[in-house]
Amino acid sequence: MKIILTGGGTAGHVSGNMALVPELKKHGFTIDYIGTHRGMEKDIVAADKDITYHPISAGRFVRGFNLGNIKDAFNVLKGIKEATKLIDEIRPDIVFSKGGFVTVPVVIAAHKRHIPVIIHESDFTPGLANKISAKFADKICTTFPETVSMLNSTKAVCTGSPLRGELLSGSRTMGASLCGFTDDKPVIIVMGGSLGALAINNLIHESLDCLLKKYNIIHIYGKSGTDKAYDGIPGYKQFGYVTNELPHLFAISDAAISRAGSNAIFEFLAAKIPMLLIPLPKGESRGDQILNADSFAKSGYAIACRQEELDADSLCKNVDELIHKRETILRTMQRSDIQNGTDNILKLIFSYCER
């Protein structure tokens, strides 16, 4: 069997695909990956020597009239041509798309060649790329149950989010060694997403004096890298973009401060790490993270804050509240019926390949 995985732009669009890889390999699939020429997905996929990576052209449409959309339209057309050529060469049995604008040409090309297509929508509301791709997909998987009603009822099914199994097998001993913490203060892990979050990074720096009185801090900056000015502070450990270390860092974390990207918050839920969520503001995104954060707060898994309402003092107060409520949140997480979506998605892939 042959499968093409596609997705790019952020680590969330790639990690969901990579969560499927171990079982796909066990079932004898040959795996090809289609992404962009310069996206972070290229480096992530390159770490697996069993996957062949193919870059194509891709556009990034902006809602409303925008002159850049004209150039992007040509890139999409070029991408469709390139993807069609790759599909003719690879002759896959199925295509699985995790999202991001690079996936649109791949999904269209696969549909044109009558190859089954399954796409996955991570967020509470569908993004523009998946709205376009949905018209050409055979099945649309969603993370949130509420999202199903926003899509074609004959195609959409709630599967949950595909999560990497290794995230739940970390070692507290390894985590403590990586961070060098020497006391028993609660550990707060800070994540701003794979591309980082400057506003959160600055807020943490402004709050360090307050936070470090009560907590140890793991600060994952993202792809932008760390700030050497904060090296060597007791109880504070910086990382850039992490991969193999992440399960061990999860294993020693008592709570998290994070953006509200779907993949990250479902990973925290699976790892039973209560969250203080600071979603991207509406003006910096289409508002999907705000909906994600509010959904998790309503479900009792997190406290949701608005970035524009936070300063060093209010951040510390919210962290204190999160730790105070930690046991209650953990009990709610334990009762959650939200499951790792990896198995559900794999069953769909296998069912289409058997037809």
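The values are calculated or read from the model by the stated rules, or taken from the named source; none is laboratory data. The model shown is predicted, which means the values in this text are computed figures rather than measured ones. All Cβ positions, glycine included, derive from the backbone under ideal geometry; neighbour counts span all protein chains shown.
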Of all residues in region 210-223, count the ones that are outside any strand (DSSP E or B) and touching a residue at least 12 places away in the same chain (Cβ under 8 Å). 8
All conditions in (1) part of a helix (DSSP H, G or I); (2) over 18 Å from the mean Cα position of the chain (by Cα); (3) among the polar types (S, T, N, Q) are true of Ser153 except (1)
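For every residue, the table says whether it meets (1) closer than 21 Å to Gly160 by Cβ; (2) surrounded by 16 or more Cβ atoms within 10 Å (Cβ to Cβ); (3) of a type in the set (Lys, Arg); (4) touching a strand residue (DSSP E or B) at 6+ places or on another chain (Cβ under 7 Å).
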site: Ser299; (1), (2), (3), (4): yes, no, no, no
site: Ile303; (1), (2), (3), (4): no, yes, no, yes
site: Glu309; (1), (2), (3), (4): no, no, no, no
site: Leu315; (1), (2), (3), (4): no, yes, no, no
site: Asp320; (1), (2), (3), (4): no, no, no, no
site: Asp343; (1), (2), (3), (4): yes, no, no, no
site: Lys347; (1), (2), (3), (4): yes, no, yes, no
site: Ser351; (1), (2), (3), (4): yes, no, no, no
Filter pass, Pro126 being buried (at least 18 other Cβ atoms within 10 Å of the Cβ) and within 13 Å of Ile4 (Cβ to Cβ): no
Checking the condition outside any helix (DSSP H, G or I), among the charged types (D, E, K, R) and either more than 25 Å from Arg286 (Cβ to Cβ) or not assigned by TED's automatic domain parsing to the domain that holds Pro281 (or both), which residue from Lys185, Lys85 passes? Lys185
Please tell me if Asn152 is free of Cβ contacts under 8 Å to residues at least 40 places away in the same chain, over 23 Å from Pro274 (Cα atoms) and touching a helix residue (DSSP H, G or I) at 6+ places or on another chain (Cβ under 9 Å). yes
Answer residue from region 214-251, given it is among the polar types (S, T, N, Q) and buried (at least 16 other Cβ atoms within 10 Å of the Cβ) and is farthest from Ser177 (Cα to Cα) among those: Thr226
Which residues, counting only those in region 249-306, are in contact with a Gly (Cβ under 9 Å, 6 or more places away or on another chain) and part of a helix (DSSP H, G or I)? Leu249, Phe250, Ala251, Ser262, Asn263, Ala264, Phe266, Asp288, Gln289, Asn292
Going residue by residue through region 224-242, is there one that turns out to be among the polar types (S, T, N, Q), farther than 25 Å from Glu41 by Cα and either touching a residue at least 12 places away in the same chain (Cβ under 8 Å) or assigned to a loop (DSSP other than H, G, I, E, B) (or both)? no
Residue pairs meeting the criteria (Cβ under 9 Å; at least 6 apart or on separate chains; first under 16 Å from Ala297 (Cα atoms), in region 315-328; second at pLDDT 95 or above and part of a helix (DSSP H, G or I)): Val319/Ser207; Val319/Cys210; Val319/Leu211; Leu322/Ile329
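Determine whether Ser161 is of a type in the set (Gly, Ala, Ser), under 19 Å from Leu20 (Cβ atoms), at pLDDT 90 or above and in a helix (DSSP H, G or I).
Values: of a type in the set (Gly, Ala, Ser): yes; under 19 Å from Leu20 (Cβ atoms): yes; at pLDDT 90 or above: yes; in a helix (DSSP H, G or I): no.
No: the conditions fail for Ser161.
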